[in-house]
Amino acid sequence: MTNGSKSIGILTAGGDCQGLNAAIRGVAKTAINQYGMQVIGFLDGFRGLAENRYERLDGEKLSGILTLGGTILGTSRDKPHKIAIGDKFIDAISQAEENYHKLHLDALVCIGGGGTQKNALRLLKKTDMNIITLPKTIDNDVWGTDLCFGYDTAVEIATEAIDRLHSTASSHHRVMVVEIMGHNTGWLTAASGLAGGADVVVIPEIPYDIEVIKNALIERNRKGKRFSIVAVAEGARPKDENEIPNDFEDSTAVHLTHRLAELTGLETRLTSLGHVMRGGSPTAADRILATKLGTKAAQLIAEGQSGVMVAERAGYAVPVPLEEIAGNRRIIEDDHPLLESLRNLGICLGV
Ligand code: F6P
């Protein structure tokens with residue numbers, strides 16, 4: 001099937017992750033090869049759309065990118081209604097709309113996490129642009145999809161880090177605290193904690209009690225297990241307000257590391273995985289997911305759909321209205337199988 005006439009734009013916005021290039025390739029190759037469309041990529045997220053900075057995506061540009069980390073288009077955290085120019089912010093929505101029409105686009109594909117879904121909905125409501133989105137983020141917290149691409153690769157990286165921390169923890173008889181990305185949700189920490197065999201898993205969804213963690217570590221030590229791994233999500237928070245990090249400790253993980261050393265008397269070290277988790281080549285699972293959602297997006301555009309995010313649901317790529325997605329966040333519910341398994345194994349969740 002070809003209609004030969006459509007032109008589309010693609011942009012990647014928000015924090016990068018693995019699988020973005022696979023998604024760009026999936027959208028663009030399907031659009032070009034199956035439907036005879038013209039494809040351009042805006043540079044640096046919504047900023048490139050507002051500033052009309054783009055490049056044509058053709059066979060050559062799309063070749064060899066499936067396995068690459070990052071995004072060939074660049075990204076930024078700019079919001080279309082709040083683009084930073086010097087020390088000021090400007091609303092660039094009408095500029096974005098003007099550029100879209102100047103380029104005779106029929107649709108725009110926005111690839112991003114929760115913030116991007118909100119920005120895409122804003123453009124959809126305030127302009128006459130046709131918009132389709134894809135869910136990406138290592139945090140895996142976009143509402144309405146079973147999975148986001150980037151997540152699987154980041155879980156692999158964090159799991160490998162926990163595996164590696166085991167041997168040094170064991171040699172030195174230390175408590176190793178490992179800080180894992182996820183500022184609002186604990187998907188990465190719970191999954192890699194389970195896969196890597198952490199002894200304590202602390203996530204934002206379950207505010208922790210420091211006494212419970214202290215007791216778990218002392219109890220392990222008493223049983224002759226002379227090391228422990230504590231996996232902490234970046235956004236984890238204590239139950240007790242007195243345990244909130246002070247001005248010198250800029251994260252919960254730093255505070256927790258100090259406090260656990262103090263309370264248990266055990267030698268304790270902190271490893272922060274940070275942006276390492278977002279780098280490098282995507283796993284096969286992320287390449288497949290990004291390609292599946294990307295190719296479906298092009299198909300939906302050819303069918304004339306707009307205002308939807310292409311979600312992964314029970315193995316299928318399905319369109320879900322952006323209205324249902326934007327503004328919501330997918331947290332780990334208390335009865336989620338990941339938490340059930342952690343509890344069944346006797347892993348301390350800090351409560
Ligand atoms: O949203 C994904 C994420 O990786 C979070 O887990 C983390 O808190 C944040 O991005 C870091 O973002 P930045 O790239 O702005 O440092």
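The values are calculated or read from the model by the stated rules, or taken from the named source; none is laboratory data. What you are looking at is a predicted structure, and each value in this text was computed from that prediction instead of being measured. Backbone-built Cβ (ideal geometry, glycine too); neighbour counts: all protein chains shown.
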(request) Among the candidates Arg269, Arg220, Arg237, single out the residue that is closer than 25 Å to Val155 by Cβ and free of Cβ contacts under 8 Å to residues at least 24 places away in the same chain. (result) Arg220
(request) Check off (1) assigned to a loop (DSSP other than H, G, I, E, B); (2) more than 16 Å from the ligand (Cβ to nearest atom); (3) of a type outside the set (A, V, I, L, M, F, W, C) for Arg25 and give me the number that stays unchecked. (result) (1)
(request) May I ask you to verify whether Lys102 is away from the ligand (no atom under 16 Å from the Cβ), without any contact (Cβ under 8 Å) to a residue 60 or more places away in the chain, of a type outside the set (Gly, Ala, Ser) and surrounded by fewer than 23 Cβ atoms within 10 Å (Cβ to Cβ)? (result) yes
(message) Under 6 Å between Cβ atoms, which residue pairs at least 6 apart in sequence (or on different chains) link something in segment 301-318 that is over 23 Å from Ser7 (Cβ atoms) with a partner that is among the hydroxyl-bearing types (Ser, Thr, Tyr) and modelled with pLDDT of 95 or more?
(response) Ala311/Thr145; Glu312/Thr145
(message) Can you go through Glu324, Glu262, Glu340, Glu249 and tell me which one is in contact with a His (Cβ under 7 Å, 6 or more places away or on another chain) and either part of a helix (DSSP H, G or I) or at pLDDT below 95 (or both)?
(response) Glu249
(message) Looking at Tyr151, Tyr100 in this structure, which one is more than 26 Å from Ala190 (Cβ to Cβ) and among the aromatic types (Phe, Trp, Tyr)?
(response) Tyr100
(message) Looking at the structure I just gave you, is Leu11 closer than 15 Å to Ala297 by Cβ and not in a helix (DSSP H, G or I)?
(response) yes
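Rundown of residues vs (1) among the charged types (D, E, K, R); (2) in contact with a Cys (Cβ under 9 Å, 6 or more places away or on another chain); (3) free of Cβ contacts under 8 Å to residues at least 12 places away in the same chain; (4) farther than 27 Å from Cys148 by Cα, yes/no style:
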position: Cys17; (1), (2), (3), (4): no, yes, no, no
position: Ala23; (1), (2), (3), (4): no, no, no, no
position: Asp44; (1), (2), (3), (4): yes, no, no, no
position: Glu55; (1), (2), (3), (4): yes, no, no, no
position: Leu73; (1), (2), (3), (4): no, no, no, no
position: Pro80; (1), (2), (3), (4): no, no, no, no
position: Asp87; (1), (2), (3), (4): yes, no, yes, yes
position: Gln95; (1), (2), (3), (4): no, no, no, yes
position: Glu98; (1), (2), (3), (4): yes, no, yes, yes
(message) Just the residues that are in a loop (DSSP other than H, G, I, E, B) and either under 22 Å from the mean Cα position of the chain (by Cα) or under 24 Å from Gln95 (Cβ atoms) (or both), please, taken from segment 38-68.
(response) Leu43, Asp44, Gly45, Asn52, Arg53, Leu57, Ile65, Leu66, Thr67, Leu68
(request) With the checklist (1) assigned to a loop (DSSP other than H, G, I, E, B); (2) within 23 Å of the chain's Cα centre (by Cα) in hand, flag the one item Thr291 doesn't pass. (result) (1)
(request) With the checklist (1) touching a Ser or Thr at 6+ places or on another chain (Cβ under 8 Å); (2) outside the structural domain of Asn140 (by TED's automatic domain parsing); (3) among the β-branched types (Val, Ile, Thr) in hand, flag the one item Thr295 doesn't pass. (result) (2)
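To keep it simple, each residue is scored yes or no on (1) touching an Asp or Glu at 6+ places or on another chain (Cβ under 7 Å); (2) assigned to a strand (DSSP E or B); (3) assigned by TED's automatic domain parsing to the domain that holds Asp16.
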position	(1), (2), (3)
Val109	no, yes, yes
Gln117	no, no, yes
Arg122	no, no, yes
Lys125	no, no, yes
Thr133	no, yes, yes
Ile138	no, no, yes
Gly144	yes, no, yes
